[in-house]
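Down below is the structure, laid out as structure tokens.
The values are calculated or read from the model by the stated rules, or taken from the named source; none is laboratory data. What you see is a predicted model; the values in this text were computed from it and never measured. As a convention, Cβ positions derive from the backbone with ideal geometry for all residues, glycine included, and neighbour counts pool all protein chains shown.
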Amino acid sequence: MTFQEGNVIRRQREITAPEEKPPYWKEAAILNIQTMSKQKVFQERFAAGVKQAALLAIISLALGVSFQAVRSDKIPWVGSWTTLSVTTQSLQGVADISLSEAFALYRDNRAFFLDARDPWSFKEGHLAGAVLIEPPDAGKQVSEIRKRAGSRQIIAYCDGAECHLGVDLAKALEKQGISSVKVLINGWSRWREAGYPIEKGNP
Amino acid sequence: MKTKIMAFCSSPVLSLAFRVILGSLFLYAGIAKIVDPMGFALSIYNYKLLPDGLINVAAILLPWLEVIIGGSLLLGIGATGGALIATALFSIFAGALTINLIRGLDIACGCFSTAASGGSINWFYLLRDLSLLLMSLQVLLFDQAFFSVTRLRKK
């Protein structure tokens, strides 16, 4: 066979040989790179995505609605979100104490206040005689709290009607065995505005 | 170099990794919220963005959307659609976080848990959200449905 004949055969083979198909994942990648610049592919992709998204949304809606219909511990479709109901919900079962009650206890030296806010706020001002305990540190200071509180009513407070730190602190202490901690909701603002004794300074 | 970076960013293998990450996160977050609708409703309320009448509706339905797109991304069933919704959700979350970070509200994120004691939002949460947003965008643009149910059925 001459060189030229060999070349012809080779060329024929190239033409007739079945084209080897790259594996699907490579094919996809090649296709992806080849067509990436083409706006149309993305447009089509986006259109398909919108359709799929709509379908997924409908499925979740159906599931959500059906589960809502059967679950026993459901919440109403429309809830009442007044400040009072929010505060009650955010108490999570912890007892709260009214401002006047708290002040009466304080006056008789029967209240032990725990400030659940941050050190900076505490430094700027806190209820007279209050001790700074950040909820995550509650566990470490249980024995000291118990000792210092004695038979006094422990009252945790934070600032703002929606601040949950007072409740968090009460719950953390409850876990450590100090129950009957009460929460003075929005304690700092209400106490200060009522003109009751406050202090400044480091913890 | 530029093409290499481009090829990496648009790599379908990367899409698969992102799909697994996003899918698992959405499943986890969604289930945690379905378990405690009241807690999640309180989280939404605290953001002070939705009108009162829509808070519970969102608290009831949004977790299911998260679970469904989580499954969609993880299994690769309509993953482009899942990524589209994920991108939209992350954009909305980014907006909500930014608004409240600027307002300086001391609220819990309510992102992956409904616990009020989960710590207050800070810029890290926004950064995390934006990273997830980029991941979902990548999946939306370049996913080739590796190891997907759709692909396995076709084969």
How many of the residues in the range B:109-134 are of a type in the set (Ser, Thr, Tyr) and at pLDDT 90 or above? 2
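May I ask you to say which residue of B:Leu61, B:Leu25 is at the interface with another protein chain (Cβ under 9 Å from one of its Cβ atoms) and surrounded by fewer than 23 Cβ atoms within 10 Å (Cβ to Cβ)? Can you show your working first?
Values: B:Leu25 fails: at the interface with another protein chain (Cβ under 9 Å from one of its Cβ atoms).
Result of the check over B:Leu61, B:Leu25: B:Leu61.
Is one or more of the residues making up the range A:41-54 at pLDDT 70 or above, under 31 Å from the mean Cα position of the chain (by Cα), surrounded by 11 or more Cβ atoms within 10 Å (Cβ to Cβ) and of a type in the set (Asp, Glu)? Full working, then the answer.
Kept after step one, since they are at pLDDT 70 or above, are these residues of the range A:41-54: A:41-54.
Subset that is under 31 Å from the mean Cα position of the chain (by Cα): A:49-50, A:52-54.
Going one step further and asking which of them are surrounded by 11 or more Cβ atoms within 10 Å (Cβ to Cβ), we end up with A:49-50, A:52-54.
Keeping just the survivors that are of a type in the set (Asp, Glu) gives none.
The answer is no; no qualifying residue exists.
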Out of the residues in the range A:111-159 that are out of contact with any Gly (no Cβ under 7 Å at 6 or more places or on another chain) and among the basic types (Lys, Arg), which is surrounded by the most Cβ atoms within 10 Å (Cβ to Cβ)? A:Arg117
The range B:35-51: number of residues that are facing chain A (nearest Cβ under 7 Å) and in contact with a helix residue (DSSP H, G or I) (Cβ under 8 Å, 6 or more places away or on another chain): 5
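Here is a check on your reading of the model: is B:Ser113 over 17 Å from the mean Cα position of the chain (by Cα), within 28 Å of A:Gln92 (Cβ to Cβ) and polar (S, T, N, Q)? Spell out how you get there, then give the answer.
Details: over 17 Å from the mean Cα position of the chain (by Cα): no; within 28 Å of A:Gln92 (Cβ to Cβ): yes; polar (S, T, N, Q): yes.
So B:Ser113 fails the test.
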Criterion: over 30 Å from A:Lys40 (Cα atoms) and not in a helix (DSSP H, G or I) - qualifying residue of B:Gly53, B:Gly110: B:Gly110
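Go through the range B:83-100 and give me each residue that's at the interface with chain A (Cβ under 10 Å from one of its Cβ atoms) and surrounded by fewer than 21 Cβ atoms within 10 Å (Cβ to Cβ).
Within the range B:83-100, the first condition is being at the interface with chain A (Cβ under 10 Å from one of its Cβ atoms), and the residues that meet it are B:83-88.
Scanning the range B:83-100 gives a single hit, B:Ala88.
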Restricting the first residue to the range B:103-115 and requiring it to be small (Gly, Ala, Ser), which pairs with a second residue that is surrounded by fewer than 20 Cβ atoms within 10 Å (Cβ to Cβ) meet a Cβ separation below 6 Å and a spacing of at least six or different chains? B:Ala108/B:Gly118; B:Ser113/B:Ala32
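Every residue, every condition in (1) farther than 24 Å from B:Ala115 by Cα; (2) touching a helix residue (DSSP H, G or I) at 6+ places or on another chain (Cβ under 9 Å), yes or no:
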{"site": "A:Leu114", "(1), (2)": "no, yes"}
{"site": "A:Phe122", "(1), (2)": "yes, no"}
{"site": "A:Pro135", "(1), (2)": "no, yes"}
{"site": "A:Glu144", "(1), (2)": "yes, no"}
{"site": "A:Leu165", "(1), (2)": "no, yes"}
{"site": "A:Ser180", "(1), (2)": "no, yes"}
{"site": "A:Ser189", "(1), (2)": "yes, no"}
{"site": "A:Pro203", "(1), (2)": "yes, yes"}
